[in-house]
Amino acid sequence: MKPRLSVWSIAVLSLALAAAAPGDDGLAKSDDVAAKAMAISISQNCLDCHNSRKTRGGLDLSKLPLDLADPGSRARWIQIHDRIQKGEMPPDPEDLPAEDRKTLVALLGAGIGAADLAEVVANGRGPMRRLNREEYENNLRDLLQLPNLDIRDMLPEDRSQNGFNKSARALDISRVQLAAYLDAADTALRAAMAGGEQPPAQTRYEAPATKLFPSATTFGNREAMFYARDSKMLPLKELDLVEVRKSDRHDPNVEMALFRSASWPYFGYPHGFVAKIAGDYQVRFFARAVLQIEGFQLVPAAKSAPMTFRARAPSGADVSGDVRATGGIMDIAPEGREYETTVRLRAGETFEYSLLGLPVPVALNVNNGPPTYRYPPFPKGGQPGVAFRSIEITGPISPQEWPPASHRVLFDELPIRNASSSRGELPVEIISADPKRDAVRLFRRFAQLAAREPVPEDALPFYEKLILRQIDEGAPFAEAMLAGYKAFLCSGHFLYLREPVRADDHQAIASRLSHFLSNSRPDAALAARARAGEMRNAEVLRAETDRLIDNPAFDRFVENFTDYWLDLKDLKRDAPDIRLYPEYRLDDYLIESLGAETRAFFTAMVRENLPATAMVASDFVFVNDRLSMHYGIAPVEGSRMRKVALPKSSPYGGLLTQGAVLRVTSNGTTTSPVIRGAWIMTRIMGEPPPPPPPSVPAVEPDIRGAKTIRDLLAMHTKSKTCAACHARFDPVGLALENFDIMGAWRDRYRGLEKGDRVTGIDRAGHDFAYTMAGPVDSAGTLLDGRSFKNIVDLKAILAGNPRQLARNLLRQFTVYATGSPVRFSDRAEIEAILDECQPSGYRVRDLLRGFVRSRIFLGQAGCLASASHRPSIP
């Protein structure tokens, strides 16, 4: 016999539901009969498994209060509502007829929604939030006009919550963090100041080929690098090279030919060049793409060769220190010509040549002997490389005006002079006839520039007193000003973003929009719109949204959004297992190309207003030379990502089959349908599975090749409870089993023991051996009974639910833009946006435009809150 609620419990539940249901005035009112019917329905259909004796899922409905004003209690009732709505509770559909379920969901949803909306009206959707470290760096870059400012890594890494590093509740602040922000602000302010009364003198470094490498050879032996004349190796030994440099008798017809990628061990930089002053340096060099053929001879390459430079200290191969790419990627053509780029160097740094996608010889210690290097076998036709003839380096490049614009942000047009050594650490002194008057004027000017919203008049004297006290104590004028500036840059006026709550919160909306779509403060055009009070005008919002999407700063949004939504920040987390995947060893060019592909794809989804279904099924990909080879499609030339149409039979297209997604859902050694399936359902479909029970071991694929992944999953899901949950996502992951850890197609698994043996020499010059084990079976059946044979079939199934794909994307936008997760009272607003976008196929730019005009984005006081006030999307 099923347990039943007591008459007293039913009465309490009825009264609680009556108090929670919304009336005409938005307050709590309801039909007592309907509320009582819901209470009886819950009693009859739910209490059998959720009572004081049986607490399935830890839920005892007989003791759960229905105080919907309490966030904790409301959260539990939201879970109950959602499980009833999805048909998961009660699990047997016959226990709750469809019409009764619909009534129960509607009544419970109305009560929860009214209580949640009342909290939003009273307190806003969420708390104000701190700028994360990327936003703080970008704000300082834009404010101080220092586009290359690098202070992010001075700040502690931000915690993430709800999938992003923009969650208000995770972006707390401690004394340690505040100290780091003060240090970062100080570094930025000092970098903004002029480095002297005059701009730094430029130096010029010119070098022929025999000064383009520190030594006569490099790791990998002659096959990796040699000097050539008339396209034939010039057998220069180390002593010969020393003599050439000493006598300065350089042959202008000699080339330095390089055939390996820059990685440890490596130290390929110009001989004798070091940047004495930090800054931008112009680099001109003459080069051509070549092939090395037998006998150390050079012939013109059949296609271009990609390369970049890497800034680093001039040290040996075993001590590289901080190494970072600079100057962008250049495609070197087979025809020799001059190239030009700009590299960013710190004082004491040089730069090394970094050819992309080439072998990286690594030391072999045979029988514990000394290190030796073996170059891998050449590809058919010869080994690609680049031959350099000369280089010219000029810098640092000074701005056209002096003092620079960054200095004038701090000190306006006050004159400067070189500082004396006794006057502090700053390179210049600021000349002021009336220091105290200038101090107040400059600070108020700076506060107006720095603050994204008007600063209350009563907040300014605190900073002014700080500056004036330092001047009274004898501090140099510039040091006193920097102290006040630094304090302001770490105050709530600069460090925090506020939730729009009032009808006149135009600056708060502008800041939210700019930090959403450019990850930084409003630019001049957007700030002007905010000051004019236009940020609740639908046409202005659309125009500014479109302008920011088309602006180069939109790349900031794309990078940070995909870093967290799609986990691209984890692309380099697990190195490929060189036992099973030797072809991926030390292939940074492939990994970087994978990230660039996904970012280019998502950018196109927004800018080209593609339908949401493109996330799972598109008839095109973005590829460069490396990715076209990786995916086995028609080859393209060059490092630039370009849109390429796919044949109908291709398994690629959409996010699911992009190498970056398949990379971050693998561990470097094996693929797991469990992990991939759960990831896809969570990140792409927005239907996350419940967390796994405690102490349940993960499914570990058999890298020996003896058992198939299906056998292992069958063993893992013997329990009905496990099987029911895994049925939600395992089939999705199985459809992706034709893709290896980096997204390349495979028909068979790799192993180390069972199967056909494959041997060779890898990119590092090391022997490898693995086996081709059992065949891949990517067929499956979803929880709802629909079956598929392969990934193409699955894509068609998932694309058949475009509204859910679009709904998930709106939810991701909500968390990212507002710093708060989707609330229950937001759901109706999201559905209204979806209704507007449905006729055009839920196109992504339309979704974003609709979201920006919503109450969720604009705040509860937004005049565009209701669908009746929201202009339609043409």
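The values are calculated or read from the model by the stated rules, or taken from the named source; none is laboratory data. Not measured: the values here are computed from a predicted model. Cβ: placed from backbone, ideal geometry, glycine included. Neighbour counts: every protein chain shown. SASA here: full protein model, heavy atoms, side chains in, ligands and nucleic acids out. Shrake-Rupley method; radii C 1.70, N 1.55, O 1.52, S 1.80 Å.
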Check your understanding: From the residues in segment 230-287 that are among the aromatic types (Phe, Trp, Tyr), open to solvent by less than 10 Å² (accessible area, probe 1.4 Å) and part of a strand (DSSP E or B), which one is farthest from Thr308 (Cα to Cα)?
Key -> Tyr281
Exercise for review: Among the residues of segment 437-454, write down those that are open to solvent by 10 Å² or more (accessible area, probe 1.4 Å), part of a helix (DSSP H, G or I) and not aliphatic (A, V, I, L, M).
Suggested key: Arg437, Asp438, Arg441, Arg444, Arg445, Gln448
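Conditions tested, residue by residue: (1) surrounded by fewer than 21 Cβ atoms within 10 Å (Cβ to Cβ); (2) modelled with pLDDT under 90.
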position	(1), (2)
Lys102	yes, yes
Gly113	no, yes
Glu119	yes, yes
Asn123	yes, yes
Glu135	no, no
Ile151	no, no
Asn162	yes, no
Arg169	yes, no
Check your understanding: On the given criteria, is Leu426 open to solvent by less than 40 Å² (accessible area, probe 1.4 Å), at pLDDT below 95 and assigned to a loop (DSSP other than H, G, I, E, B)?
Key -> yes
Check your understanding: Looking at Leu594, Leu580, Leu571, Leu526, which one is at pLDDT 95 or above and in contact with a Phe, Trp or Tyr (Cβ under 9 Å, 6 or more places away or on another chain)?
Key -> Leu580
Check your understanding: Quick one: Tyr227 ticks every box in (1) among the hydroxyl-bearing types (Ser, Thr, Tyr); (2) assigned to a strand (DSSP E or B); (3) open to solvent by 10 Å² or more (accessible area, probe 1.4 Å) bar one, so which box is it?
Key -> (3)
Check your understanding: Just a yes or no: is a residue in segment 478-490 assigned to a loop (DSSP other than H, G, I, E, B) and either of a type in the set (Val, Ile, Thr) or touching a residue at least 24 places away in the same chain (Cβ under 8 Å) (or both)?
Key -> yes
Revision key, fill the gap. Restricting attention to segment 498-517, the residues that are without any contact (Cβ under 8 Å) to a residue 60 or more places away in the chain and either assigned to a loop (DSSP other than H, G, I, E, B) or of a type in the set (Asp, Glu) (or both) number exactly 1
Check your understanding: What number of residues within segment 194-214 are under 39 Å from the mean Cα position of the chain (by Cα) and in a loop (DSSP other than H, G, I, E, B)?
Key -> 10
Check your understanding: Within segment 460-470, is there a residue that is part of a helix (DSSP H, G or I), open to solvent by 20 Å² or more (accessible area, probe 1.4 Å) and of a type in the set (A, V, I, L, M)?
Key -> yes
Study note, to complete from the structure: If we keep only residues of segment 160-182 that are touching a residue at least 40 places away in the same chain (Cβ under 8 Å) and among the aliphatic types (A, V, I, L, M), then the residue farthest from Gly819 (Cα to Cα) is Leu182
Review point. Do we find a residue being touching a residue at least 12 places away in the same chain (Cβ under 8 Å) and more than 29 Å from Ile293 (Cβ to Cβ) anywhere in segment 376-391?
Key: no
Exercise for review: Give, as residue ranges, the strands (runs of 3 or more DSSP E) completely inside segment 728-813 that count at least 1 residues that are open to solvent by less than 40 Å² (accessible area, probe 1.4 Å) and under 17 Å from Ser666 (Cβ atoms).
Suggested key: 748-751, 767-775
Practice item. Kindly indicate whether any position in segment 472-484 is within 30 Å of Arg169 (Cα to Cα) and modelled with pLDDT of 95 or more. Key: yes
Review point. For residues in segment 738-755 being in contact with a Ser or Thr (Cβ under 6 Å, 6 or more places away or on another chain) and at pLDDT 95 or above, which is nearest to Gly632 (Cα to Cα)?
Key: Asn738
Check your understanding: If you scan segment 303-324, which residues turn out to be at pLDDT below 95 and either under 22 Å from Asp625 (Cα atoms) or among the polar types (S, T, N, Q) (or both)?
Key -> Ser315, Ser320
Check your understanding: Restricting attention to segment 610-644, which residues are open to solvent by 30 Å² or more (accessible area, probe 1.4 Å), under 27 Å from Tyr842 (Cβ atoms) and not β-branched (Val, Ile, Thr)?
Key -> Pro611, Ala617, Asp619, Met641, Arg642, Lys643
Review point. For segment 647-678, what are the residues that are within 16 Å of Asn738 (Cβ to Cβ) and surrounded by fewer than 17 Cβ atoms within 10 Å (Cβ to Cβ)?
Key: Ser649
Practice item. May I ask you to say which residue of Asp555, Asp458, Asp523 is farther than 27 Å from Met193 by Cα and touching a residue at least 12 places away in the same chain (Cβ under 8 Å)? Key: Asp555
Exercise for review: Would you point out which residue out of Ile680, Ile675 is in a helix (DSSP H, G or I) and at pLDDT 95 or above?
Suggested key: Ile680
Check your understanding: For segment 814-844, which residues satisfy the criterion of being outside any loop (DSSP other than H, G, I, E, B), open to solvent by less than 40 Å² (accessible area, probe 1.4 Å), more than 21 Å from Phe602 (Cβ to Cβ) and in contact with a Ser or Thr (Cβ under 9 Å, 6 or more places away or on another chain)?
Key -> Asp826, Glu829, Ala832
Exercise for review: Of all residues in segment 197-213, count the ones that are closer than 30 Å to Asp251 by Cβ and either loosely packed, with under 14 Cβ neighbours inside 10 Å or touching a residue at least 60 places away in the same chain (Cβ under 8 Å) (or both).
Suggested key: 10
Practice item. Under 8 Å between Cβ atoms, at least 6 apart or on separate chains: pull out the pairs that start in segment 183-196 with a residue that is open to solvent by 10 Å² or more (accessible area, probe 1.4 Å) and modelled with pLDDT of 95 or more and end on any residue that is of a type in the set (Val, Ile, Thr) and assigned to a loop (DSSP other than H, G, I, E, B). Key: Thr187/Ile151
